[in-house]
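The values are calculated or read from the model by the stated rules, or taken from the named source; none is laboratory data. The structure presented is a predicted model; accordingly, all values stated were derived computationally and were not measured. So basically every Cβ, Gly included, is an ideal-geometry build from the backbone, and we count neighbours across all protein chains shown. Side chains included, ligands, DNA and RNA excluded: accessible areas come from the protein's heavy atoms. Shrake-Rupley method; radii C 1.70, N 1.55, O 1.52, S 1.80 Å.
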Amino acid sequence: MEHSFDKKWMRIAIEEAKRGIKTAFPNPMVGAVLVDKNQKVIAKGFHEKPGSWHAERMALSDVEIAPQGATLYVTLEPCCSWGRTPPCIDIIQEKRVSRVVVGMLDPDIRMRGKSIERLRKNGVVVEVGVQEEACRSLNQRYLKIRSENRPTVAIKAACSVDGRIGDVHNDSKWITSKESRMHSHRLRNIYDGILIGSGTLIADNPSLNCRLEGGRNPTPIILDTHARCPSDAKVLTAGKRPILCVASDACIRNDLNVDYLLGEYDGSVLNIRNVLEKLYQKGIYTVLVEGGSKVHMSLIKEQCVDILELYIGGVFLGGGSSWGAGINFQLEQAPKLNLRYIEALGSDVYASYFWES
């Protein structure tokens, strides 16, 4: 049963979570409030962005030991697995929090009630479902993606002010500035995987690593239906071991230092949704897609796009190909994009959009 004071403090935790509205995604927005037995706030915290501490750790980090009878209110089930940060249930137990009130369970396959079970086994009183609908409303986009058992997918594109990714001779180096290209490595630092098609692999021979000092390399993911990857491709040695997504009947080559993912194949293309589901099962929870246009269109057609990360270079081409070529929407059926963040990079513009199918 929800007590009135539990509702009150959970509403405050929700407001704390909203402080991450522009920066937390692709992670969920989460807020936490630690309250003593006299209903006085001891500490608050929220999850700011991927890679930063989670809300519980932000709230508890400066607390030496939680006072007897204190309650931690958190909008989403605390994590129990290692990612870029330690499990939140560890600090809850280290700080001797005796009671935790959770807004809702986390549908992430790593949690889904496991954290609640472990806290209870260690003597922590846990209440679940306080202000649940409000907590669910906070992260509708995140919950929808997790319900599909697939990663969060972001398309990254770089184009001229008139939307071209190359001139009439297919020359694309460089439409955007050095500042934009270095900024894009901040995205690689955030996402678990970076995905391209075999055409981009063969044409550009990219490294697909993160070049920020102290940055985190994403796992390269290559849609390579017939295992055409060159044995000397840079991606094989530049960073993390790649995942090569091939047709289920493809010839498995022993000369490639890759992990194979066998995808459903209809004789023409890999089933992109099936590939995403298998990546999710492998622990790839967020994917940055860097090309090419066929991969973009496949994801858009399957309604598997969640974010558009767009770099607009300060150059006008007038001709050439568009990053969105290959699919035509009538205006009333066209996917809608909601601006999430915008930043000037010299003469270029970086704009991040939520993709609404």
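Structure data summary
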quantity: Full-stretch length increase - ASP204, GLU179 - with 0.36 nm per residue and alpha-carbon distance subtracted; calculated: 7.0 nm
quantity: Antiparallel %, DSSP beta bridges [both residues in the chain], to 5; calculated: 45 percent
quantity: Structure-based [θ]222 nm, the chain - -39500 (n - 2.57) summed over DSSP H runs of at least 4, per residue, nearest 500; calculated: -7000 deg cm²/dmol
quantity: Cα centre as origin, Lys/Arg/Asp/Glu Cβ charges: the stretch 1-146 dipole, Debye; calculated: 300 debye
quantity: Ordering of 259-272, 129-142, 334-347 by burial proxy (mean other Cβ atoms within 10 Å per residue, highest first); calculated: 129-142, 259-272, 334-347
quantity: Positive-end residue of SER198, ILE175, ALA154, charge dipole of the stretch 133-212 with Cβ unit charges; calculated: ALA154
quantity: Area accessible to solvent at TRP323, 1.4 Å probe radius, in Å²; calculated: 40 Å²
quantity: Magnitude of the charge dipole, the stretch 228-357, Cβ model with Lys/Arg +1 and Asp/Glu -1, debye to 20; calculated: 220 debye
quantity: For the chain, accessible area per residue (1.4 Å probe, heavy atoms of protein chains only), Å²; calculated: 48 Å²
quantity: Only Lys, Arg (+1) and Asp, Glu (-1) charged, at Cβ; the chain dipole about Cα centre in debye; calculated: 740 debye
quantity: Carbon + sulfur, % of accessible area of the stretch 298-357 - ligands and nucleic acids excluded, 1.4 Å; calculated: 53 percent
quantity: Relative contact order (%) - the stretch 101-236, alpha-carbon pairs under 8 angstrom, separation at least six; calculated: 16 percent
quantity: Solvent-accessible area, 1.4 Å probe, carbon plus sulfur percent, for the stretch 1-94; calculated: 51 percent
quantity: Average Cα contact separation per residue, the chain, under 8 Å, 6 or more apart, as relative contact order %; calculated: 15 percent
quantity: Derived scalar couplings ³J(HN,Hα) [the stretch 222-228; Karplus, 6.51 cos²θ - 1.76 cosθ + 1.60; whole Hz; x for Gly, Pro]; calculated: 10, 7, 9, 3, 10, 6, 8
quantity: Ranking by accessible area, most exposed first, for ILE327, ILE284 with a 1.4 Å probe; calculated: ILE327, ILE284
quantity: Shape of the stretch 126-276, Cα gyration tensor, a/c cut at 1.5; calculated: oblate
quantity: Dipole-positive endmost among GLY239, LEU279, VAL124 within the chain (Cβ charges, Cα centre); calculated: VAL124
quantity: When each of LYS22/LYS301; LYS144/LYS336; LYS234/LYS301; LYS234/LYS282; LYS156/LYS294; LYS144/LYS301 is checked by Cα-Cα distance, pairs over 20 Å; calculated: LYS22/LYS301; LYS234/LYS301; LYS234/LYS282
quantity: Length added when fully stretched, SER98-THR85, from 0.36 nm per residue minus Cα-Cα; calculated: 2.4 nm
